[in-house]
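Here the structure is laid out as structure tokens; the discussion comes afterwards.
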Amino acid sequence: CSYLEIYNERILDLLDYHPSSKGLDIREDRNPGGHGVFVPDATHCQVGCVEDVFKLMLIGAQNRATSTTDMNEHSSRSHTIFTLVVSQTIQDPAGLQLVKKAKLNLVDLAGSEKWRTHTQMGDRRIRELTAINQSLSALGNCISALTQQCRVHIPFRDSKLTRLLQDSLGGNCKTTFIATVSPSVLSYDETCSTLKFADRAKHVVLHTKVNEVYDDSVVIQKLMSENEKLRKENRRLHTMEQEVTPRSDVVGAALNDSDFQLKRYHKWVESLESLDQVGAEKLDNLGMNERIALMEQSVVHQARELKKTRERFVSDLKTVQSEVDTKTDMLQCAESNARLLRFRLNEAVNG
């Protein structure tokens, strides 16, 4: 779990609260199974039950920025986002570990305010009012853009609030809005504005799917196993190639060409192994997803080269077999002619 506050366009950690800090930064991870839009320096707490979640909510609520207004004695002056990440590990029919992940964002938006000329407001109140209204206006613009089918650009980066809610508004998610309104005539404008915003949000179409990724360690182990199988197959073909004896000049030329192709492939495999040894330190600096992608490319390339070598080797073996069959037929024909000639000579001598 994590609990963040957006106060005057600064992101603060409510579970490790430092109001005088400059704020936390936002990062984005679009890799498969990645974090999406996230705050890397936020505090994440492990929870085991509902009571633990409520305790974290209470701690964050105590640190949240509030102030007294005409409408509320403890009015929130910031937006908050409470994030709960749930993961489940299961085993697929092939025996690999499959990880399902889900993220629940509980967002509390500060209410918009009008500039009241009859009420004297200090500099702090003015900055809070301006920041709240700007972020809510940016959120409304994103909602309006998402309802337009031909719209390509969505202005998520116009505000820290919309940037953090990018996955919740236009990503792989289900979103629910709870609009709070007042029956008072004095709040007529605010009520109409809130209901119009909620109506626009209803027209946003989202498409969801289950977040399923394989465990990184299992994927690496599978790729390494596949890599070892390909190398064993390469050594087996190399041994078979050495056991074949040329039967004629044509067959020898074909096998020499096959030998050249195999040597070229062996050289490529040796260079790949030396790359694994020499570039170990460089590979350690790569991320897990980049390392997996590199290993997948290596396995695919080895499989492609091995397939070509195997096809060429099978073709050469067929050529050898065809040549052997031709020579055998010629030998049998010669033996048959020799027997016939011997028979006629015997007849001539005896006659």
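So which of Val250, Val204, Val185 ends up being aliphatic (A, V, I, L, M) and at pLDDT below 70?
That would be Val250, the only listed residue that is aliphatic (A, V, I, L, M) and at pLDDT below 70.
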Worksheet entry | Residue selected from the stretch 35-74 under the condition open to solvent by 40 Å² or more (accessible area, probe 1.4 Å), assigned to a loop (DSSP other than H, G, I, E, B) and of a type in the set (A, V, I, L, M), by the criterion nearest to Asn105 (Cα to Cα) | Val47
Discussion item. Of the conditions (1) open to solvent by less than 40 Å² (accessible area, probe 1.4 Å); (2) assigned to a helix (DSSP H, G or I), Ile154 satisfies every one except a single condition; which number is it?
Written reply: (2)
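Kindly indicate whether His35 is without any contact (Cβ under 8 Å) to a residue 12 or more places away in the chain and in contact with an Asp or Glu (Cβ under 7 Å, 6 or more places away or on another chain).
Considered against the rule, which asks whether it is without any contact (Cβ under 8 Å) to a residue 12 or more places away in the chain and in contact with an Asp or Glu (Cβ under 7 Å, 6 or more places away or on another chain), His35 comes out as yes.
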Worksheet, complete the sentence: Among residues of the stretch 22-33 being out of contact with any His (no Cβ under 9 Å at 6 or more places or on another chain) and loosely packed, with under 13 Cβ neighbours inside 10 Å, the residue farthest from Val85 (Cα to Cα) is Lys22
Worksheet entry | From Ser168, Ser159, residue being among the polar types (S, T, N, Q) and in contact with a helix residue (DSSP H, G or I) (Cβ under 8 Å, 6 or more places away or on another chain) | Ser159
Response to the item:
Taking the stretch 99-130 and keeping residues at pLDDT below 75 and open to solvent by less than 50 Å² (accessible area, probe 1.4 Å) leaves Glu113, Thr119, Met121
Discussion item. Consider the stretch 75-112. How many of its residues are in contact (Cβ under 8 Å) with a residue 60 or more places away in the chain, under 20 Å from Asn8 (Cα atoms) and assigned to a loop (DSSP other than H, G, I, E, B)?
Written reply: 4
Item to complete: Kindly list, by first and then second residue, each pair from a residue in the stretch 11-32 that is at pLDDT below 85 to a residue that is open to solvent by 40 Å² or more (accessible area, probe 1.4 Å) and of a type in the set (Phe, Trp, Tyr), limited to pairs with Cβ atoms under 7 Å and residues at least 6 apart or on different chains.
Response: Asp29/Phe38
Practice prompt. May I ask you to verify whether Val299 is open to solvent by less than 70 Å² (accessible area, probe 1.4 Å) and at pLDDT below 75?
Written response: yes
Worksheet item: So which residues in the stretch 306-318 are surrounded by 17 or more Cβ atoms within 10 Å (Cβ to Cβ) and among the polar types (S, T, N, Q), if there are any at all?
Response: Thr309
Worksheet item: Which one of these does Asn172 not meet: (1) under 30 Å from the mean Cα position of the chain (by Cα); (2) under 19 Å from His79 (Cβ atoms); (3) surrounded by 13 or more Cβ atoms within 10 Å (Cβ to Cβ)?
Response: (2)
Fill in: Close pairs from the stretch 308-333: first in contact (Cβ under 8 Å) with a residue 60 or more places away in the chain, partner surrounded by 12 or more Cβ atoms within 10 Å (Cβ to Cβ) and among the basic types (Lys, Arg), Cβ under 6 Å, at least 6 apart
Glu323/Arg247; Val324/Arg247
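For residues that are part of a helix (DSSP H, G or I) and hydroxyl-bearing (Ser, Thr, Tyr), scanning just the stretch 131-150, find the one that is least open to solvent (accessible area, probe 1.4 Å).
Once the filter is applied, the top-ranked residue is Ser135.
The values are calculated or read from the model by the stated rules, or taken from the named source; none is laboratory data. This one's a predicted model, so the numbers in the text were calculated from it and none came from an experiment. We place every Cβ from the backbone using ideal geometry, glycine too, and count neighbours over all the protein chains shown. For the accessible areas, the whole protein counts, side chains as well, though only heavy atoms, and no ligand, DNA or RNA atoms are used. Shrake-Rupley method; radii C 1.70, N 1.55, O 1.52, S 1.80 Å.
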